[in-house]
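Student: Shown below is the structure under consideration.
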Amino acid sequence: MGLKAPKRYKIAFVAGTRPEIIKTAPVYLAVARQPDLQPVFINTGQHREMSHMFLNLFNIVSDYDLNIMKPEQSLSSLSASILQELERILQRENPDWVLVQGDTTSAFCGALSAFYQKIAIGHIEAGLRTGDIYSPFPEEMNRILVGRLSTYHYAPTQKAKDNLLNEGISPNKIMITGNTVVDALYWIQSQNKQISSSDISRLLSSNPNQRLVLVTAHRRENWEGGIANVAEAVVRLAKRFPDIVFIFSVHPNPVVKDQVYAILSNQANVFLHDPLDYFDFIKVLNQSLLAISDSGGVQEEAPSLGVPVIITRSTTERPEILGTGMGYLAGTDQTTIINLATELLTKKQARKAQNIFGDGFASQRIVQSILFSLGKIPKRPDDFDY
């Protein structure tokens, strides 16, 4: 009579937006390397146009691909569709663990669906807070609710852990891991790859020393007026600094795209581009003098590369970046953005990378924490300490 094969614990990942996939991919790959663990990837397709691009970059094939996005879909309709699909999948797969990342509708629905099935939930990037439930919207409330539903909390920093402790989360359920985006960034930098965008490649090859500023905008709370203000500020900056090329990676949402193109399409030294794949994005960011962005990920990636970032939001859930000389909270006021950018583009200072958000081993800590919780290893891994 043959020996029974040892149990492989099934770890289901629920993700579907660009930042979720980037930050989840290193954990998925680390889980896949463990003989005791079996990953299952559920792509909600919340960023339909971008999710496959980023999964392919990390050589991840989704086990399930939810086709739930519809034009002008409300948050309620999106949530209902994700929950209905996840109920069917989780009942079929019966995973031992569900991992969600961050603060998206996909993350919230993934946690809620796992809770309904009484499955253990691990929250990657737990504990980020602005203190304002409407900024960012709906992300701040999403992550608060995911925090209440989660079994285990993988906080990127001490501040994030403190937020969770203040909300009554047991300290033995929290681990400071660093942010997995730093793992993804280091992995990208290790790849010997050429830039895939022919337009970006032509721009950089024609002048390898070209001075750049990278701009992104997508936040829902900036849709009405904020994104237009950022675009107008870029127009004025481009005229003030004609030797600098401003690369605007334009989000595909028509609410964002239409505003950006209406204001910036005729500016000579502004380069509008569809969402860059992550390799190209990091290449451009690494060569940039400055980033202007409302993205949470850029606040983590830029300091890891020594690039200062102007944050076009009224609040940030990453206060660690403020006061380091790497992050500046500007809101969407044109004058504030222009004054900050002018100061940063004209002063000479040595570029120095700061690993305030991670050291590249966050995914390893998360997987080791899972194995410890399952009783597969005897010692809990040490926390990340910056």
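Student: Select from segment 208-228 the residues that are of a type in the set (S, T, N, Q) and not in a helix (DSSP H, G or I) and list them in ascending order.
Tutor: Asn209, Gln210, Thr216
Student: Would you be able to say whether some residue in segment 357-368 is outside any loop (DSSP other than H, G, I, E, B), surrounded by 15 or more Cβ atoms within 10 Å (Cβ to Cβ) and either of a type in the set (Lys, Arg) or outside the structural domain of Pro156 (by TED's automatic domain parsing) (or both)?
Tutor: yes
Student: Working only within segment 229-262, note down all residues that are in a helix (DSSP H, G or I), within 16 Å of Leu214 (Cα to Cα) and of a type in the set (Asp, Glu).
Tutor: Once the filter is applied, which keeps residues that are in a helix (DSSP H, G or I), within 16 Å of Leu214 (Cα to Cα) and of a type in the set (Asp, Glu), segment 229-262 yields only Glu232.
Student: Output the residue which, of all residues in segment 12-39 that are touching a residue at least 40 places away in the same chain (Cβ under 8 Å) and touching a Pro at 6+ places or on another chain (Cβ under 6 Å), is nearest to Val146 (Cα to Cα).
Tutor: In this case the residue turns out to be Ala12.
Student: Only residues that are in a loop (DSSP other than H, G, I, E, B), surrounded by fewer than 20 Cβ atoms within 10 Å (Cβ to Cβ) and modelled with pLDDT of 90 or more: list them for segment 71-108, please.
Tutor: Ser74, Asn94, Asp96
Student: Here's a follow-up. Considering only residues that are touching a residue at least 40 places away in the same chain (Cβ under 8 Å) and assigned to a loop (DSSP other than H, G, I, E, B), look in segment 369-386 and name the one that is farthest from the chain's Cα centre (by Cα).
Tutor: Selected residue: Lys376.
Student: Here is a list of conditions, (1) outside any loop (DSSP other than H, G, I, E, B); (2) surrounded by 13 or more Cβ atoms within 10 Å (Cβ to Cβ), and Ile68 meets all of them except one; can you say which number that is?
Tutor: With respect to (1) outside any loop (DSSP other than H, G, I, E, B); (2) surrounded by 13 or more Cβ atoms within 10 Å (Cβ to Cβ), Ile68 is out only on (1).
Student: Report whether or not Leu289 is out of contact with any Asp or Glu (no Cβ under 8 Å at 6 or more places or on another chain), crowded, with 16+ Cβ neighbours inside 10 Å and either in the same structural domain as Phe54 (by TED's automatic domain parsing) or farther than 24 Å from Thr316 by Cα (or both).
Tutor: So Leu289 fails the test.
Student: Might you let me know whether segment 216-230 holds any residue that is among the polar types (S, T, N, Q) and closer than 30 Å to Arg148 by Cα?
Tutor: Yes; the residues of segment 216-230 include at least one that is among the polar types (S, T, N, Q) and closer than 30 Å to Arg148 by Cα.
Student: Let me ask you something else. I'd like to check something: does segment 301-308 contain any residue that is surrounded by fewer than 21 Cβ atoms within 10 Å (Cβ to Cβ), part of a loop (DSSP other than H, G, I, E, B) and out of contact with any Pro (no Cβ under 6 Å at 6 or more places or on another chain)?
Tutor: Yes, the conditions are met somewhere in segment 301-308.
Student: Name the single residue that is nearest to the chain's Cα centre (by Cα) among those in segment 40-65 being in a loop (DSSP other than H, G, I, E, B) and surrounded by fewer than 19 Cβ atoms within 10 Å (Cβ to Cβ).
Tutor: This residue is Phe58.
Student: With the requirement that a residue be buried (at least 24 other Cβ atoms within 10 Å of the Cβ) and among the polar types (S, T, N, Q), what does segment 309-339 give you?
Tutor: Thr312
Student: Hey, can you tell me all the residues within segment 187-211 that are of a type in the set (Ser, Thr, Tyr) and in contact with a Phe, Trp or Tyr (Cβ under 9 Å, 6 or more places away or on another chain)?
Tutor: Within segment 187-211, just Ser196 meets the criteria.
Student: Have a look at Glu232, Glu221 and point out the one that is closer than 18 Å to Ile337 by Cα, at pLDDT below 95, among the charged types (D, E, K, R) and outside the structural domain of Met53 (by TED's automatic domain parsing).
Tutor: Sole residue among the options that is closer than 18 Å to Ile337 by Cα, at pLDDT below 95, among the charged types (D, E, K, R) and outside the structural domain of Met53 (by TED's automatic domain parsing): Glu221.
Student: How many of the residues in segment 167-196 are part of a loop (DSSP other than H, G, I, E, B), of a type in the set (Ser, Thr, Tyr) and surrounded by fewer than 19 Cβ atoms within 10 Å (Cβ to Cβ)?
Tutor: Final tally of qualifying residues: 2.
Student: Only residues that are assigned to a loop (DSSP other than H, G, I, E, B), crowded, with 24+ Cβ neighbours inside 10 Å and either without any contact (Cβ under 8 Å) to a residue 24 or more places away in the chain or out of contact with any His (no Cβ under 6 Å at 6 or more places or on another chain) (or both): list them for segment 109-128, please.
Tutor: Glu125, Gly127, Leu128
Student: Moving on to the next point. Any idea which residue in segment 24-39 is farthest from Tyr186 (Cα to Cα), counting only those that are surrounded by fewer than 21 Cβ atoms within 10 Å (Cβ to Cβ) and aliphatic (A, V, I, L, M)?
Tutor: It comes out as Leu37.
Student: Another question, then. So Gln38 clears everything in (1) over 27 Å from Asp294 (Cα atoms); (2) of a type outside the set (A, V, I, L, M); (3) out of contact with any Lys or Arg (no Cβ under 7 Å at 6 or more places or on another chain) except one condition, right? Which one?
Tutor: Failing condition for Gln38: (3).
Student: When both residues are 6+ apart or on different chains and their Cβ atoms are under 9 Å apart, which pairs have a first residue that lies in segment 186-211 and is closer than 29 Å to Asp359 by Cα and at pLDDT 90 or above, and a second that is part of a loop (DSSP other than H, G, I, E, B) and among the aromatic types (Phe, Trp, Tyr)?
Tutor: Trp187/Phe58; Arg211/Phe241
The values are calculated or read from the model by the stated rules, or taken from the named source; none is laboratory data. Owing to the predicted nature of the structure, the values given are computational and were not obtained by experimental measurement. As a convention, Cβ positions derive from the backbone with ideal geometry for all residues, glycine included, and neighbour counts pool all protein chains shown.
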